[in-house]
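Accompanying notes for the structure given below.
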Amino acid sequence: MPRVVVIGAGVVGLAVAAALARRDREVIVCERRGGIAQETSSRNSGVLHAGLYYPQGSAKAVLCVEGRERLAHFLPRHGIAHRWIGKLIVACEAAELAELERIRANARACGAVPLADWTESEILKRFPAVRAAAGLWSAGSGIVDAHGLAQRLNGLAQARDAVVLCGRTVVAAEISPAGLRVGVATTGQLSMEWLQADAVVNAAGLGADAVAQLPGTDSNLPRQRWVKGCWFALRGRAPVDALVYPVPAPHLLGLGTHLTVDLAGHARFGPDTEPVTNCQDLQVDPRRAQAFAQAARRYLPRVQATDLQPDQAGIRAKLAVDHFADFHIARRAELPMPWIDLLGIESPGLTACLAIAERVAGLLT
């Protein structure tokens, strides 16, 4: 039975492990943290995206739409908490109406769940707290318990005899006539053990860059950049029971400061975008509440800085910080043994996880 070593036990790595174990591969997952889904997978908004923004034909667009459809069947079948609460994308002023139309046309071209046009009066009737010139309603957007999804994927993988090893950091890789092997260091121990493998899937998230360099080849791989995003929670009752996203400004690195609602009904704003060099810096500066409130007031005019409190921060791995960059999911052509790198798996990676897993499995056939 072919053995595949999957590096990383975030949502994507676990989805890959479950997909490969289902195909009767011997799967070993190595995760450097002490438990599963403790990095990007646990520090995000938990939003299920419909695939509205990404360029037609890109991996992000294709895998987001496919992944959303897969999750729509998977989540209820496995009892994972989620809600299709919908997303309202708002043009806060008339100058943004053209961008709203571009999003609608792009979503249609990508095959996303159809959007509904909402007028200013329709928005006010449905969400009295929101002020906007016009909007697009995405019924195909929602929220999910990301950790519950990770736990279920972990369970499905292990039910098919996959082995998930936490506290194990892959620190070396060798390819020789005898085959492929990876060196694994256990947290708190000085020694390293070697695991023989027939294939490797690098789903190491924030550490995927470093892992990609381990085989020692001259592959011209894209390089990841770390971008920090902070959230501020809104005190009291959520003003809406759906997601509200402003039309993204052209200069932004993300989708702007938007409002999300979690499964408990609590609202928060974020994330902002800050390129960083330290992926351990997860502090939220309370002094940034004023900037968050100012951004939120464009569509929720009653929000004040005193209504906000620091929530959480997360780091995402991007392949570009000033323009669109697609997922990099590819098998290394220069290596004699199958080695697949997953780089730049930021949003919509959570939504796309099952579709990404199927693509990776296809690369190993």
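Each value in this text was obtained by applying a stated rule to the coordinates, not by laboratory testing. Treat the numbers as computed from the prediction; the structure is a model and nothing was measured. Positions of Cβ are generated from backbone atoms using ideal geometry, with glycine treated the same way; all protein chains shown enter the neighbour counts.
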Exercise for review: Please give the helix 11-22 orientation as an angle from the longest Cα principal axis of the chain, in degrees from 0 to 90, rounded to the nearest 10.
Suggested key: 50
Study note, to complete from the structure: One checks the Cα atoms of the chain and finds Rg and Dmax, in Å, of 21.0, 70
Revision key, fill the gap. Placing each pseudo-label 7 Å from Cα in the direction of the beta carbon, ALA264 and GLU334 end up separated by a distance in nanometres of 4.9
Revision key, fill the gap. Proxy exposure order for SER219, SER121 (fewest C-beta within 10 Å first) is SER121, SER219
Point to revise | Ranked list, fewest to most other Cβ atoms within 10 Å of each Cβ, for LEU190, LEU195, LEU97, LEU243 | key: LEU190, LEU97, LEU195, LEU243
Practice item. On a 0 to 90° scale, report how tilted helix 349-363 is relative to the longest principal axis of the chain, with both axes built from alpha carbons and the result rounded to the nearest 10. Key: 30
Exercise for review: Counting helices only, and only those DSSP H runs with n ≥ 4, report the 222 nm mean residue ellipticity of the chain as the sum of -39,500 (n - 2.57) divided by its residues, in deg cm²/dmol to the nearest 500.
Suggested key: -8000 deg cm²/dmol
Check your understanding: Quick one: if you stick a label point 7 Å off each Cα along the C-beta vector at VAL321 and SER191, how many nm between them?
Key -> 4.2
Check your understanding: Once the Cα atoms of helix 97-110 and of the chain are each reduced to a long axis, what angle between those two axes, in degrees from 0 to 90 to the nearest 10, is obtained?
Key -> 40
Check your understanding: Residue farthest toward the positive end of the dipole of the chain, with Cβ of Lys/Arg at +1 and Asp/Glu at -1: which of VAL11, CYS92, ALA355?
Key -> CYS92
Practice item. Please give the peptides 196-204, 149-157 ranked by average Cβ packing (other Cβ atoms within 10 Å per residue), highest first, as a rough proxy for protection. Key: 196-204, 149-157
Check your understanding: Which semi-axes, in whole Å and largest first, does the equivalent ellipsoid of segment 28-187 have when worked out from the alpha carbon gyration tensor as the square roots of 5 times its eigenvalues?
Key -> 41, 18, 15
Review point. Among 227-237, 6-16, 136-146, 343-353, how do they line up from the highest to the lowest mean number of other beta-carbon atoms within 10 Å?
Key: 6-16, 343-353, 136-146, 227-237
Review point. Which peptide among 127-133, 265-271, 319-325 comes first, and what is the full order, when sorted by highest mean count of other Cβ atoms within 10 Å?
Key: 265-271, 127-133, 319-325
Review point. Which value, in debye to the nearest 20, describes the size of the charge dipole of the chain about its Cα centre when Lys and Arg Cβ atoms bear +1, Asp and Glu Cβ atoms bear -1, and nothing else is charged?
Key: 640
Practice item. Pop the C-beta distance of THR306 and ALA81 into the FRET formula with R0 = 51 Å and round what comes out to the nearest 0.05. Key: 0.95
